[in-house]
Amino acid sequence: MVDIPEHLLLRTAEARAKALGITVEQALAELKGESAPTKIEKEPEVLDVSPVEKEVKETPPPPAAEVKETPPPPAAAVKEAPAPAAAVKEAPAPTKTNGKTNGQIPAEVDFSPETKVTQRLLTVVKAKPIQKPASEPVDKVNTWPHLMLPEFISLMAMTAFLIFISAILQAPLLEEANPNITPNPAKAPWYFLGLQELLSYWDPQIAGVMIPLLIGVLAFMAIPYIDRNKDNKPSKRKYAIMLWTFFLAGAGTLSIIGILFRGPGWNWTYPWIDGVWFDDLLDWVHFE
């Protein structure tokens, strides 16, 4: 027999005593072979154990002569007795010593630490196909009847309006123009009266060249680059509507001044006092 050092034998006895639930002296005696090893069997876990069954298990067996006289406990008492929660025993967990497990290991034991995984839903991402099966719908209508029918109705309405105006307004031809006699005031057609009104304020180089070039050409050409909104709804094109309103209000104001408020010598007059000095209105505008 190989002699084991005393300190190793003592450490082994302590580990065995801790695993089997006995004293260190008993474990040391078992290792030295002085007494029979004390074997503690692990009782199977019983979930439903009645007090009667527990009492039957813990009662030591009587002698052979008394076994026949003692009647077995009634089965009804065993079934009817409720199982207390304290009847369930928990076996001590096996311990590890120097990387090795002492004691009996149950068949199904999970030594991994319990981890609580908490998951939180951030968002739901809908899967999209690589190639769309159909194109997205666009705001398009057919030319006929959605476009042609309103345009045809507008054309007929404007034609009827022009015929009515031509019937009630007198527009006679004047005498032949005399180059030796210049009419006073000499007014351009209505669509040029705004430009003629500008000439009364600034030099012809400014009013006749620079302003029409900057506003009439360059400014209008720059509008698509300044206002890049592609929406065709008027409620969402406020910037474009504002630019057009300024231009229309300016041109209309200058034309009205040239038609009604300019008299001989291009002086300021009031139509309700001095009359209207515009040939196209002389026959049907009267303030008397």
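The values are calculated or read from the model by the stated rules, or taken from the named source; none is laboratory data. Here the structure is a predicted model, which means the values were calculated and not measured. In this analysis, Cβ positions are derived from the backbone assuming ideal geometry, glycine residues included, and neighbour counts consider all displayed protein chains.
Is it the case that Asp231 is assigned by TED's automatic domain parsing to the domain that holds Ala188 and surrounded by 13 or more Cβ atoms within 10 Å (Cβ to Cβ)?
No: the conditions fail for Asp231.
Conditions (1) surrounded by 11 or more Cβ atoms within 10 Å (Cβ to Cβ); (2) closer than 30 Å to Asp139 by Cα; (3) of a type in the set (S, T, N, Q), marked per residue:
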{"site": "Pro179", "(1), (2), (3)": "no, no, no"}
{"site": "Leu195", "(1), (2), (3)": "yes, no, no"}
{"site": "Trp202", "(1), (2), (3)": "yes, no, no"}
{"site": "Met210", "(1), (2), (3)": "yes, no, no"}
{"site": "Asp227", "(1), (2), (3)": "yes, yes, no"}
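Please find, within segment 144-167, the residue that is farthest from the chain's Cα centre (by Cα) out of those that are closer than 26 Å to Leu281 by Cα and small (Gly, Ala, Ser).
Ala167
If you go through segment 197-226 one residue at a time, how many are within 20 Å of Ala249 (Cα to Cα), of a type outside the set (A, V, I, L, M) and either under 44 Å from the mean Cα position of the chain (by Cα) or part of a loop (DSSP other than H, G, I, E, B) (or both)?
Adding up the residues that qualify gives 4.
Take the residues of segment 276-286 that are modelled with pLDDT under 85 and in a loop (DSSP other than H, G, I, E, B): which is surrounded by the fewest Cβ atoms within 10 Å (Cβ to Cβ)?
Selected residue: His286.
Report, by residue number, each residue of segment 181-193 that is more than 19 Å from Phe247 (Cβ to Cβ) and surrounded by fewer than 13 Cβ atoms within 10 Å (Cβ to Cβ).
Ile181, Thr182, Pro183, Asn184, Ala186, Pro189
Considering only residues of segment 166-181 that are at pLDDT 85 or above and of a type in the set (S, T, N, Q), which is nearest to Gly265 (Cα to Cα)?
Applying the filter and picking the extreme gives Asn180.
Any idea how many residues of segment 165-196 are assigned by TED's automatic domain parsing to the domain that holds Ser255 and in a helix (DSSP H, G or I)?
7
Need the failing condition index for Ile256 against (1) of a type in the set (Val, Ile, Thr); (2) closer than 28 Å to Ile165 by Cα; (3) exposed (fewer than 12 other Cβ atoms within 10 Å of the Cβ), just the number.
Single failed check for Ile256: (3).
(1) aromatic (Phe, Trp, Tyr); (2) outside any helix (DSSP H, G or I); (3) surrounded by fewer than 11 Cβ atoms within 10 Å (Cβ to Cβ): which one isn't true of Trp272, the others all being true?
(2)
This table checks each residue for (1) more than 60 Å from the chain's Cα centre (by Cα); (2) modelled with pLDDT under 50.
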site	(1), (2)
Pro5	yes, no
Arg11	yes, no
Ala15	yes, no
Ala19	yes, no
Thr23	yes, no
Leu28	yes, no
Ile40	yes, yes
Val46	no, yes
Glu53	yes, no
